[in-house]
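The structure under discussion appears below in the form of structure tokens.
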Amino acid sequence: MPTKAIISDVKTLSCSNSWRNYNFLKITTEDGIVGWSEFDEYFGSPGVGAAINQIAPRMIGKSAMLHEHIREDLRNVTRPGSGGVVGQALGAIENALLDIKAKALDVPCHVLLGGKVRDRIRVYWSHCVSYRTRTQHFSPGITDIEGVKQIAREVGEKGFSALKTNIFRYDAEDKIEPWSPGFGRPYETGRNVERKTLEGLRRHLEVMRAEAGPDIDMLLDLNFNAKTDGYLKILREIDDLDLFWVELDTLDPEALAYIRSQSRHPIASCETLIGLQQFLPFFRAQAVDVAIIDTPWNGVWQSMKIAAAAEAYETNVACHNFYGHLCTMMNAHFCAAVPNLAIMETDIDRIGWDAEIFTHLPEFQDGYLILPDRPGWGTEPIEAALADHPPVPGAGMWQRTEASKLSV
């Protein structure tokens with residue numbers, strides 16, 4: 001007789017990732033099936049774990065096989081505070097329930113999503129240069145143009161066919177500095193794009209193209225680091241360069257549609273949206289060429305609905321994936337089952353103990369992630385290994401030292 005997968009325990013765990021923390025949800029059933037998901041509290045989202053723990057008792061005694069019923073029940077009782085941290089908590093719960101259901105049925109999660117339409121998923125090397133500027137965490141560290149050249153060559157040498165980088169500025173000695181006022185580095189609330197920023201970004205992209213070669217696709221992520229006029233300045237500056245896409249964030253679909261109409265490059269966006277209702281205005285406005293979906297935030301089941309809506313508007317999707325290996329595998333099952341996929345994000349630069357804290361690591365061949373057929377997501381955190389790396393206190397973005405102090 002098939003298991004009823006009655007939920008008996010819900011708990012959250014975390015461990016250090018050197019410069020931030022990994023966060024996990026573990027849901028256990030009465031018959032011993034354990035479902036895992038990974039969530040994030042670093043990227044502007046303090047308190048996701050607290051939200052999960054507050055609503056967890058409502059799941060006890062219910063069947064994980066009825067994951068849509070559970071999510072809708074939790075959505076009803078949190079509706080006045082929907083989205084944000086609450087939405088991310090529901091996403092984490094949904095993803096752990098999917099892991100349980102797949103394991104109970106002894107199938108990979110992609111089977112629950114309609115089955116795979118591909119078993120090899122093209123990936124791009126994300127945060128290329130950006131992570132290695134955190135020289136105390138990643139090696140070899142990057143502080144100047146020579147490090148930029150080295151990593152650009154490394155992308156092709158390691159078999160990858162695409163990379164994504166960010167905004168950097170160069171000084172007279174070719175030292176580099178990241179530019180991200182949208183995240184408070186530097187503190188500049190107008191997010192104005194100055195000539196020095198335009199010159200630095202253009203040089204950065206030209207250096208990377210020269211070293212990576214003509215066969216590597218290059219993606220650029222502008223994040224929330226400008227407003228409409230600034231994004232247009234950047235697009236004009238790099239109009240003649242060969243980019244796979246320009247990624248940027250704005251919460252105004254009409255503004256983004258206008259930016260897209262002025263861009264020679266495809267526009268990708270939407271990675272911070274939660275729920276189909278937030279995506280629909282961007283689809284209706286024809287604001288994006290590629291809609292980026294954060295499946296840990298939204299839940300993979302809900303993300304499939306968003307992807308289906310995108311398909312109705314002739315729009316492809318990608319995933320937001322800069323977390324740990326469990327998130328990578330959650331995203332991989334989503335990407336394997338979605339017909340309208342553009343490409344998958346992944347971080348290749350990792351800290352030393354990433355390989356120690358998961359049962360299985362992603363497998364990459366010739367720039368593609370190979371989809372596993374193990375039950376569930378195909379990897380799990382190792383609890384004993386998590387305990388060896390206790391979480392870092394104050395690891396969220398909100399714990400950063402303020403870049404500018406005002407006099408009073």
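All of the numbers you see were taken from the coordinates with simple rules; none came from a lab. Because the structure is a prediction, the values reported are computed rather than measured. Don't worry about glycine lacking a Cβ; one is built from the backbone with ideal geometry, like all the others, and counts go over all protein chains shown.
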Original post:
Which of rounded, prolate, oblate describes the chain, given a ≥ b ≥ c as roots of the alpha-carbon gyration tensor eigenvalues and a/c under 1.5 marking rounded, otherwise prolate only if a/b is larger than b/c?
Top reply: prolate
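Arranged by the count of other C-beta atoms within 10 angstrom, fewest first, what order do W301, W125, W377 take?
So the residues, fewest neighbours to most, are W301, W125, W377.
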**OP:** In whole angstrom, note down how far apart the Cα centers of the range 262-282 and the range 71-115 are.
**Re:** 22
**OP:** List the aspartates and glutamates whose Cα lies under 13 Å from the Cα of K101, skipping any in the same chain that are fewer than 8 positions away.
**Re:** D31, E68
Subject >> Burial ordering of H320, H360, fewest other beta-carbon atoms within 10 Å first >> reply: H360, H320
Original post:
Based solely on its DSSP helices, what 222 nm [θ] is calculated for the chain when runs of n ≥ 4 H residues each add -39,500 (n - 2.57) and the sum is averaged over all residues, nearest 500 deg cm²/dmol?
Top reply: -10000 deg cm²/dmol
Subject >> Global geometry of the range 253-310, whether rounded, prolate or oblate, following the gyration tensor of its Cα atoms and the 1.5 cut on a/c >> reply: prolate
Original post:
For the range 112-377, what number of Lys pairs, 8 or more residues apart or on separate chains, have alpha-carbon atoms under 28 Å from each other?
Top reply: 19
Original post:
Please identify the trypsin sites (Lys or Arg not before Pro) of the range 151-211 that satisfy two criteria: DSSP loop assignment and at most 14 other Cβ atoms within 10 Å. Which are they?
Top reply: K158
Subject >> Sequence of M59, M329 once ranked by neighbouring C-beta atoms within 10 Å, starting from the fewest >> reply: M59, M329
